Amino acid sequence: MPKRREFLAGLPALAWEPVPDASVPQDTIYIPNPQREIDRALILDFLEEFSFAMLVTARGGVHITNVPTLFDRAPQGWGKLWWHLARNNAQNQVFDGATDCTVVFHGPHGYISPNWYATRNSVPTWNFAAVHATGKPKRLDDDTGFAKSLERLVARNEGLYGGGGDYDFSKLPETYLKGMRQGIVAYEMEISQIEAKFKLGQDRSARDRAGILKGLKSGRRERNLEQFTESYYSRLKE
């Protein structure tokens with residue numbers, strides 16, 4: 001009898017055990033209030049400027065793919081993202097239109113030395129800016145739309161980074177382009193949640209912020225892509 005009473009006494013606690021609400025967006029990144037960016041225009045510009053992003057999913061194990069993205073703004077909401085994956089990428093099995101994906105956009109980052117601050121009692125840190133965009137990617141099977149999106153992606157990046165040559169993606173033979181498309185899969189994701197973390201020392205004093213800018217201008221920088229590629233090529237054996 002005492003065991004039965006103990007069992008019954010435990011039932012209310014079990015009945016009131018909280019169950020996560022799948023409809024409520026879950027944070028994917030820790031953001032202290034001073035570092036939480038909410039300026040819509042600034043965030044949208046960030047998605048366009050730093051368009052090379054990581055696709056992060058957790059269903060069936062963690063999968064991460066790095067891709068260039070296209071961002072389409074919308075009058076309401078956060079807009080849509082477009083990307084493509086190699087057909088053999090296992091993450092294709094996750095993108096079923098119902099599974100969440102967080103797309104991580106990284107901006108500039110760097111070490112911040114206490115030597116740069118006016119405030120003496122300080123510790124070093126690492127400043128950065130990042131935006132997480134979450135939604136449920138859907139596969140796009142319309143080949144005509146796929147082709148147009150690829151043209152947009154190439155045109156955008158050629159215009160920004162291509163160096164002004166005479167390359168014209170649209171002049172490539174359609175048989176060649178169609179063959180290339182058969183090896184990749186396109187996706188579109190309506191953004192349902194945005195989290196923007198700008199950890200740039202904005203909560204420090206004006207003198208400390210001036211020191212940060214001065215230090216960043218004169219501090220050591222990581223190798224850029226050209227420098228890293230040159231170093232890597234030197235390891236290759238012809």
Legend entry - the range 67-160: radius of gyration over Cα atoms, expressed as a fraction of 2.2 N^0.38 Å: 1.54
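Sorting check: for 217-229, 130-142, 72-84, which peptide has the highest mean count of neighbouring beta carbons within 10 Å, and how do the rest follow? It would help to have the intermediate numbers written out before the result.
Working: 217-229: 9.0, 130-142: 18.0, 72-84: 15.5.
In decreasing order of mean packing, 217-229, 130-142, 72-84 become 130-142, 72-84, 217-229.
Where does the chain land at 222 nm, in deg cm²/dmol rounded to the nearest 500, when only DSSP H runs of n ≥ 4 count, each adding -39500 (n - 2.57), divided by all residues?
My calculation for the chain gives -9500 deg cm²/dmol from helical runs alone.
So what is the accessible area of the chain per residue, in Å², with the probe set to 1.4 Å?
Numbers: 16360 Å² over 238 residues.
For the chain, the solvent-accessible area averages 69 Å² per residue.
For the range 61-112, rounded, prolate or oblate, judged on the Cα gyration tensor with a ≥ b ≥ c (square roots of eigenvalues), a/c < 1.5 rounded, else prolate if a/b > b/c? Intermediate values should be presented prior to the final figure.
Working: a/c = 1.96, a/b = 1.16, b/c = 1.69.
Here the range 61-112 falls in the oblate category.
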Inset, instruction - Would you grab the residues whose amide H sits under 5 Å from the one on residue 184? Only those 5+ places off in sequence or on another chain, please, with H modelled 1.01 Å from N. - result: 87
Inset, instruction - Assign one of three labels to the range 183-238, namely rounded, prolate or oblate, based on the Cα gyration tensor with a ≥ b ≥ c the square roots of its eigenvalues; rounded applies when a/c is under 1.5, prolate when it is not and a/b is larger than b/c, and oblate otherwise. - result: oblate
Legend entry - Two-site label geometry, residue 175 and residue 52: point separation in nm, points 7 Å out along Cα→Cβ: 3.4
Inset, instruction - Taking the Cα atoms of the chain, report the difference between the largest and smallest coordinate on each principal axis, in whole Å and largest first. - result: 86, 57, 48
Inset, instruction - Compute the length gained on full extension between residue 152 and residue 136: take 0.36 nm times their separation in residues and subtract their Cα-Cα distance, giving the result in nm to one decimal. - result: 3.5 nm
Legend entry - Shape box of the range 146-214 [Cα atoms, principal axes, largest first, Å]: 60, 35, 16
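Quick one: pull the percent of accessible area on the range 100-238 belonging to carbon and sulfur, 1.4 Å probe, ligands and nucleic acids left out.
Numbers: 5020 of 9530 Å².
The C+S portion of the solvent-accessible surface of the range 100-238 is 53 percent.
The values are calculated or read from the model by the stated rules, or taken from the named source; none is laboratory data. Everything numeric in this text was worked out from a predicted model, so none of it was measured. No Cβ is skipped: glycine too gets one built from the backbone with ideal geometry, and neighbour counts run over all protein chains shown. What goes into the accessible areas is simple: the full protein's heavy atoms, side chains included, and nothing from ligands, DNA or RNA. Shrake-Rupley method; radii C 1.70, N 1.55, O 1.52, S 1.80 Å.
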